[in-house]
1. Relative contact order of the chain, please, whole-number percent, based on alpha carbon pairs below 8 angstrom and at least 6 residues apart.
2. Just to confirm the number: angle between the C-alpha axis of helix 8-21 and the first principal axis of the chain, 0 to 90 degrees, nearest 10?
3. Mind pulling the angle between the C-alpha long axis of helix 58-70 and the longest principal axis of the chain? Nearest 10 degrees, somewhere in 0 to 90.
4. Within the chain, what is the longest stretch that has no trypsin sites (Lys or Arg not before Pro) placed in a DSSP loop and near at most 10 other beta-carbon atoms within 10 Å?
5. For a quick check, take a GNM of the chain with Cα springs below 10 Å and name the residue from D53, D100, D119 with the largest mean-square fluctuation.
6. Expected output is a single nm value to one decimal: the length gained when fully extending between S116 and F149, i.e. 0.36 nm times separation in residues minus the C-alpha distance. What is it?
7. Give me the distance between the Cα centres of the range 1-35 and the range 93-146, rounded to whole Å.
8. Looking at G105, V95, I41, which one has the Cα that reaches farthest to the positive end of the dipole of the chain (charges on Cβ: Lys, Arg +1; Asp, Glu -1)?
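Every number in this text was worked out from the coordinates using simple rules, so none of it is lab data. Here the structure is a predicted model, which is why all the values come from computation and not from measurement. Backbone-built Cβ (ideal geometry, glycine too); neighbour counts: all protein chains shown.
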Amino acid sequence: MAGYDAWVAPMRSALDEARAAVATGDVPIGAVVLDPDGTVIGLGRNEREADGDPTAHAEIVALRAAARSRGGWRLDGCTLVVTLEPCTMCAGAIVLSRVDRLVYGAYDDKAGAVGSLWDVVRDRRLNHRPEVVAGVLADECTFLLQEFFATHRVRD
């Protein structure tokens with residue numbers, strides 16, 4: 001298991017993706033998938049507004065890109081880095097994609113499914129449980145979301 005410092009640079013890349021989401025009116029959440037060597041193989045940002053797709057969360061977009069890059073859906077050995085604690089849909093996709101590690105920034109007390117509200121990825125009844133590293137650059141990730149919601153009205 002790598003220490004906190006190992007995840008700062010990838011989280012900064014995820015934050016760059018999150019900032020880019022604002023241009024399309026999407027909530028600023030970004031994600032990066034790293035292969036076992038630390039090479040970026042998938043990038044994602046929220047694209048629900050841009051694509052009119054309710055499943056276009058940053059994690060899903062990044063996981064799809066990584067699967068295309070790998071030529072298959074199994075992302076074993078990979079790490080998903082995301083700016084916000086995943087929701088239930090994304091947590092399920094993380095389990096199903098077999099990523100080895102999830103790294104996230106801000107906690108989501110309203111919809112978080114990796115410990116805040118539910119804990120999907122660590123449910124012992126499931127066949128895969130990734131390692132979880134929480135709170136990486138949490139203040140920066142939280143601030144970006146707070147800044148967005150202070151100036152945008154978002155439909156639920």
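1. Result for the chain is 19 percent.
2. 40
3. For 58-70 against the chain, the angle is about 40 degrees.
4. Longest site-free region, per DSSP loop and neighbour criteria: 1-109.
5. Highest fluctuation of the listed residues: D53.
6. 9.9 nm
7. Here the answer is 14 Å between Cα centres.
8. Of G105, V95, I41, it is V95.
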